[in-house]
Amino acid sequence: MKLRFTKMHGLGNDFVVFDGISQTVALTPEQCRRIADRHFGVGCDQILLVEAPTRDDVDFRYRIFNADGGEVEQCGNGARCFVRFVHDHGLTDKTAIRVETAASVIEPHLLDSGLVRVNMGVPRFAPAEIPFAAEAETLSYPLKVGQHVLEIAVLSMGNPHAVLRVNDLDSAPVDILGPAIESHSRFPQRVNAGFMQVLTPHDIRLRVYERGAGETLACGTGACAAAVAGIRQGWLTSPVSVHTRGGDLVIEWAGKDQPVYMTGPAETIFEGEIEL
């Protein structure tokens, strides 16, 4: 089968996007892994699939597959690319759309500046909703990793996140602690591991070891999770500029029971066709 695709990125977090409305797209985990392979496929962190909605109150359905072939609930940088894709490909003339994901409904808005602002929904903190093995909800939790006990914040942005504050991001052992946190037994569905360095109350640096993808140049939901965790701890004040290796995002959160807003770029790299 031959499928048309678009290669896109949000701050270097790159995607292969398929229009599942004008063509039939049914991908197996093996096919996803081949597409994502940077030597034998197109190469990407995640595969995004645009589909027709399954409910009346939204414009599209949005599915996300990691480079390892597993389907996940949410992707913030992908959400920005999603609205850019459907607008540029004439699937809608709206600049603000409602999109259903496996986790919730998100609301990306294409701004006049070319940036995209996304209502990412209300963060969840109850351990059972993340999911995370803990007896009660607290601001942070001790997590034993090897010989170390790390103090982490845990929350869901539609997908699970663990946020660890570090003093120096450049020397943080992301390649060692990232996979250990991702696969920790207290996270039954694995977790995205964020490493945050606080610069000022409105600025942080962030690296994220993503579940099923490894460390990426940027992670939208990870940026949301880090900003929310820092605001809850009293370290940060909204809005928060999140500086990733791929570029900057702005995260806004007004507090408990309020949605998180993420603003950043989305860019098309090239169009192509792949035979599977």
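The values are calculated or read from the model by the stated rules, or taken from the named source; none is laboratory data. Model, not experiment: these values are computed from the prediction. Methodologically, a virtual Cβ is constructed for each residue, glycine included, from the backbone with ideal geometry; neighbour enumeration extends over all protein chains shown. Heads up: the accessible areas ignore ligands, DNA and RNA and are worked out on the full protein's heavy atoms, side chains in. Shrake-Rupley method; radii C 1.70, N 1.55, O 1.52, S 1.80 Å.
The string of couplings for segment 106-119 from the Karplus curve (6.51, -1.76, 1.60, θ = phi - 60°) is 10, 10, x, 9, 7, 7, 4, 6, x, 6, 10, 10, 10, 6 Hz, one whole number per residue in order, with x for Gly and Pro. Quick one: pull the percentage of alpha-carbon pairs in segment 148-276 with a separation above 27 Å. Counting every Cα pair in segment 148-276, those more than 27 Å apart make up 18 percent. Charge dipole of segment 89-226 (Cα centre as origin; +1 on each Lys and Arg Cβ, -1 on each Asp and Glu Cβ, all else neutral): 160 debye, rounded to the nearest 20. Using every pair of separate Cα atoms, the Kirkwood estimate puts the hydrodynamic radius of segment 1-108 at 13.8 angstrom. Only one residue of Gly70, Gly178, Gly41 has its Cα farthest out toward the positive end of the dipole of the chain, where Lys and Arg carry +1 and Asp and Glu -1 on Cβ, and that residue is Gly178. Between the labelled values (i) 24, 22, 19; (ii) 29, 21, 17; (iii) 32, 20, 19, the entry that holds semi-axes √(5λ) of the Cα gyration tensor in Å as derived from this structure is (ii). Summing Cβ point charges (Lys, Arg +1; Asp, Glu -1) relative to the Cα centre of segment 198-262 gives a dipole of roughly 160 debye. Counting protein heavy atoms only, segment 132-268 has 49 percent of its accessible area on carbon and sulfur, 1.4 angstrom probe.
Only one residue of Gln23, Asn192, Val99 has its Cα farthest out toward the positive end of the dipole of the chain, where Lys and Arg carry +1 and Asp and Glu -1 on Cβ, and that residue is Asn192. Pairwise Cα separations in segment 170-214 fall into 5 Å bins from 0 onward with the following percentages, short to long: 6, 23, 27, 20, 13, 9, 3.
Which value, in nm² and rounded to one decimal, describes the direction-averaged projected area of the C-alpha convex hull of segment 131-205? Walk me through the numbers on the way to the answer.
Details: hull surface 21.8 nm².
If I average the Cα hull's projected area over directions, I get 5.4 nm².
Pairwise alpha-carbon distances in segment 54-165 exceed 19 Å for 55% of all pairs.
When the chain is treated as a GNM with alpha-carbon contacts under 10 Å, the residue of Ser113, Ser183, Ser22 showing the greatest mean-square fluctuation is Ser113.
Around the Cα centre of the chain, unit charges on the Cβ atoms of Lys, Arg, Asp and Glu (plus for the first two, minus for the last two) sum to a dipole of about 320 debye. Comparing segment 76-139 with the 2.2 N^0.38 Å rule of thumb, its C-alpha radius of gyration ratio is 1.45 (two decimals). Reported to the nearest whole Å, the Cα centre-to-centre distance from segment 155-217 to segment 44-109 is 23. Restriction of the chymotrypsin sites (Phe, Trp or Tyr not before Pro) in segment 1-60 to DSSP coil positions whose beta-carbon has at most 14 other beta-carbons within 10 angstrom yields Phe40. Phi angles of segment 227-235 translate, via the Karplus equation with coefficients 6.51, -1.76, 1.60 and θ = phi - 60°, into HN-Hα couplings of 4, 4, 4, x, 5, 5, 7, x, 7 Hz per residue; Gly and Pro are given as x. Here segment 5-111 has 47 percent of its accessible surface on carbon and sulfur atoms, given a 1.4 Å probe and all protein chains in place.
Across the chain, C-alpha contacts under 8 Å between residues 6 or more apart give a mean separation that, scaled by the residue count, equals a relative contact order of 21 percent.
Per-residue ellipticity at 222 nm for the chain, helices alone: DSSP H runs ≥ 4 residues times -39500 (n - 2.57), over residue total, nearest 500 deg cm²/dmol? Mind dumping the intermediate values first?
Details: 4 runs with 44 residues, N = 276.
Here the helix-only value at 222 nm equals -5000 deg cm²/dmol.
Taking 0.36 nm per residue of separation and subtracting the Cα-Cα distance, full extension of the segment from Val145 to Arg55 would add 28.2 nm. Per residue, the chain exposes 42 Å² of solvent-accessible protein surface, assessed with a 1.4 angstrom probe and all protein chains in place.
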